[in-house]
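Report on one structure; see the data block that follows.
The values are calculated or read from the model by the stated rules, or taken from the named source; none is laboratory data. This structure is a prediction, so every number in the text was calculated from the model and none was measured. Ideal geometry is used to build each Cβ from the backbone, glycine not excepted, and the neighbour counts take in all protein chains shown.
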């Protein structure tokens with residue numbers, strides 16, 4: 001009987017030792033999937049901290065969606081075989097080639113904007129503000145088309161958000 005009791009204690013001790021050795025801790029959690037790319041909780045927290053330094057009241061949802069949009073643009077840029085020294089420049093290169101290159105601001109649009117918003121220019125003549133207006137209208141159109149492009153990319157992508165903090 002002592003042998004059986006000793007054997008039981010030995011088995012119990014081995015089980016406890018094995019359980020201690022097999023202890024696993026979750027070190028990272030995935031908060032979103034974008035096609036075959038993941039966004040980890042650590043990446044999200046880092047981006048949230050960076051974003052909240054410049055934007056006071058930005059929600060977790062806005063931050064994760066911004067990260068997803070950036071990943072989608074990066075994936076498209078890489079699919080086009082664009083190259084740049086870093087991801088920010090790669091996204092900018094994509095926007096320049098895919099979106100900005102197709103934007104043409106017509107002279108009559110610039111003139112119309114000047115006429116409709118002449119009070120903004122405090123008596124400055126058209127030629128003095130023409131380039132500024134063209135740049136402004138170009139940025140408006142770029143933003144509009146970028147939103148459309150992102151909507152198209154999101155529609156054809158596999159995106160899962162598991163943010164629940």
Residue match in the stretch 80-87 (condition: crowded, with 17+ Cβ neighbours inside 10 Å and either free of Cβ contacts under 8 Å to residues at least 24 places away in the same chain or in a helix (DSSP H, G or I) (or both)): yes
Residue identified as in a helix (DSSP H, G or I) and under 30 Å from residue 164 (Cβ atoms) among 91, 129: 91
Residue in the stretch 94-105 that is in contact with a strand residue (DSSP E or B) (Cβ under 8 Å, 6 or more places away or on another chain), at pLDDT 95 or above and part of a helix (DSSP H, G or I) present: no
Residue satisfying condition, being closer than 30 Å to residue 43 by Cβ and either over 25 Å from the mean Cα position of the chain (by Cα) or surrounded by 15 or more Cβ atoms within 10 Å (Cβ to Cβ) (or both), within set 127, 146: 146
Given (1) at pLDDT 95 or above; (2) closer than 26 Å to residue 138 by Cβ; (3) in contact with a helix residue (DSSP H, G or I) (Cβ under 7 Å, 6 or more places away or on another chain), number of the condition residue 67 does not satisfy: (2)
The stretch 106-125, residues that are more than 19 Å from residue 145 (Cα to Cα) and part of a helix (DSSP H, G or I): 107, 108, 111, 112, 113, 114, 115, 116, 118, 119, 120, 121
